[in-house]
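In what follows, a single structure is set out as structure tokens and then discussed.
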């Protein structure tokens, strides 16, 4: 990445990390700083596998991954749009053009469930956001999401959680060829494992 983009990226990275460290509530056990850093890393890895090499695309992916969950600093439902508002407010001050900000907002919106990316960069961040579904660290990350959902009342108990997880696996698809090849085998194995769960009332 050229020096101009790298300098902006470094400044924005430091700004967003500090903002989330100081502002995110500890109840966000899944949508935490660790998740943002994971998505930041995975977008770059998927971009490399998808042969995305131009500086601007790589820059936009990094910006979008940093901002994609900043909306959680303010609200839960609709956080994507709030993150987009924040990007529009802050990024021009770092030297990001309005046209670039619009592309970044498109990528932030592409992480909204159910995902509906409209171009390759939006597909990449969408896959990065849910990369863990097909990884070895699925169980601990999944448990963090369960804790968060329980805290915010999105599930009432573990049985409810498992039902929602199985349902989500049924509708989720990776978009990029490389994520499908790399993550689908383990993701499908996770689904088969989830399906063996016996609800507490059925035992």
**Item:** The listed residue being surrounded by fewer than 16 Cβ atoms within 10 Å (Cβ to Cβ) and part of a helix (DSSP H, G or I), out of 118, 89, 82
**Value:** 89
**Request:** State the number of residues belonging to the stretch 99-115 that are part of a helix (DSSP H, G or I) and within 13 Å of the chain's Cα centre (by Cα).
**Result:** 3
**Request:** Would you mind finding the one in 198, 171 that is farther than 26 Å from residue 47 by Cβ and surrounded by fewer than 14 Cβ atoms within 10 Å (Cβ to Cβ)?
**Result:** 198
**Fill in**
Within the stretch 121-139, restricting to residues that are under 16 Å from the mean Cα position of the chain (by Cα) and free of Cβ contacts under 8 Å to residues at least 40 places away in the same chain, the one that is surrounded by the most Cβ atoms within 10 Å (Cβ to Cβ) is 122
**Request:** Have a look at 47, 64, 18, 11 and point out the one that is touching a residue at least 24 places away in the same chain (Cβ under 8 Å) and either over 18 Å from the mean Cα position of the chain (by Cα) or part of a loop (DSSP other than H, G, I, E, B) (or both).
**Result:** 11
**Request:** Select from the stretch 81-106 the residues that are within 12 Å of residue 56 (Cα to Cα) and in contact (Cβ under 8 Å) with a residue 60 or more places away in the chain and list them in ascending order.
**Result:** 96
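Each row is one residue, and each column tells you yes or no for (1) farther than 26 Å from residue 136 by Cβ; (2) surrounded by fewer than 13 Cβ atoms within 10 Å (Cβ to Cβ); (3) in contact with a strand residue (DSSP E or B) (Cβ under 7 Å, 6 or more places away or on another chain).
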| position | (1), (2), (3) |
| --- | --- |
| 10 | yes, yes, no |
| 16 | yes, no, no |
| 21 | yes, yes, no |
| 28 | no, no, no |
| 38 | no, no, no |
| 46 | no, no, no |
| 63 | yes, no, no |
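Each row is one residue, and each column tells you yes or no for (1) closer than 29 Å to residue 180 by Cβ; (2) under 17 Å from the mean Cα position of the chain (by Cα).
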| site | (1), (2) |
| --- | --- |
| 73 | no, yes |
| 84 | yes, yes |
| 97 | no, no |
| 119 | yes, yes |
**Item:** Pair list, Cβ < 6 Å and 6+ apart or interchain, from the stretch 181-203 residues that are within 10 Å of residue 134 (Cα to Cα) to residues that are surrounded by fewer than 13 Cβ atoms within 10 Å (Cβ to Cβ) and at pLDDT 95 or above
**Value:** none
**Asked** Going by the structure shown, is residue 33 within 19 Å of residue 142 (Cα to Cα) and surrounded by fewer than 21 Cβ atoms within 10 Å (Cβ to Cβ)?
**Response** yes
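The values are calculated or read from the model by the stated rules, or taken from the named source; none is laboratory data. Predicted model only: the values in this text are computed from it and were never measured. Heads up, the Cβs are rebuilt from the backbone with ideal geometry, glycines too, and the neighbour counts pull from every protein chain shown.
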